[in-house]
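The values are calculated or read from the model by the stated rules, or taken from the named source; none is laboratory data. What you are looking at is a predicted structure, and each value in this text was computed from that prediction instead of being measured. Cβ atoms come from the backbone with ideal geometry, glycine included; neighbour counts cover every protein chain shown.
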């Protein structure tokens, strides 16, 4: 299985830290955010990685190289100007192959077990699903949530709010069929949410609720908190 780490965002909320450093290279616990993902993926046996970049992307390639020092093989998708999530994935399709692939947001921190992804991909294939999304409890900055989860299926939000159908937040970790992005011309901007909503309405998206650690490292304050937390718990 191949995995793509999204690393093309400008990181406006992280300024001034991201004026000179791409957000995925900001450090927490003594290593760049993106390296935590790379190491977890490699430990899970997922070593074929694709990383997209735009803002200060040369720094990402220089820092990570071909991936060999991590036990991985890294290929890069240079967007020049960020193409948003679906556009970035579509632009990288030639590097991702014809099988189901994983996507992870490069500016998050989590303890999700990536070793589960190959079996989930096989389950997707059996169900003929287009995607599988990992949801988490709503953080303070997204209390309304994104999607509903019902018996491992992602469902549209109810037209009338229902406590039994509480919305959860999309973690940025997902599995996708390449065909989901095949219609997007390479090099064009395209958001992911409309594609997901369309497939959810068709009943083609599975999901799960991750109850472990997940942090959207979107502000300098959250980065500092994560850094302190990791340093306090490191051996």
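The table for this structure:
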quantity: Matching entry among 82, 63, 58 (being under 23 Å from residue 16 (Cβ atoms), surrounded by fewer than 21 Cβ atoms within 10 Å (Cβ to Cβ) and under 17 Å from the mean Cα position of the chain (by Cα)); calculated: 82
quantity: Residue satisfying condition, being within 30 Å of residue 230 (Cβ to Cβ), in contact (Cβ under 8 Å) with a residue 60 or more places away in the chain and surrounded by 19 or more Cβ atoms within 10 Å (Cβ to Cβ), within set 175, 196; calculated: 175
quantity: Test: residue 142 is modelled with pLDDT under 85, surrounded by fewer than 19 Cβ atoms within 10 Å (Cβ to Cβ), in contact with a strand residue (DSSP E or B) (Cβ under 9 Å, 6 or more places away or on another chain) and more than 20 Å from residue 8 (Cβ to Cβ); calculated: yes
quantity: Every pair of residues 6+ apart whose Cβ atoms lie under 9 Å, when the first sits in the stretch 205-234 and is at positive phi and crowded, with 18+ Cβ neighbours inside 10 Å while the second is at pLDDT below 85 and not in a loop (DSSP other than H, G, I, E, B); calculated: none
quantity: Every residue from the stretch 107-138 that is more than 21 Å from residue 180 (Cα to Cα) and in contact with a helix residue (DSSP H, G or I) (Cβ under 9 Å, 6 or more places away or on another chain); calculated: 107, 108, 109, 110, 111, 112, 113, 114, 115
quantity: Evaluation of residue 107 against (1) surrounded by 13 or more Cβ atoms within 10 Å (Cβ to Cβ); (2) within 21 Å of residue 230 (Cβ to Cβ); (3) modelled with pLDDT of 95 or more (one fails), failing number; calculated: (3)
quantity: Matching residues in the stretch 66-82 - criterion: being in a loop (DSSP other than H, G, I, E, B) and modelled with pLDDT under 95; calculated: 79, 80, 81, 82
quantity: Subset tally (residues that are surrounded by fewer than 19 Cβ atoms within 10 Å (Cβ to Cβ), at pLDDT below 95 and in a loop (DSSP other than H, G, I, E, B)) for the stretch 22-54; calculated: 2
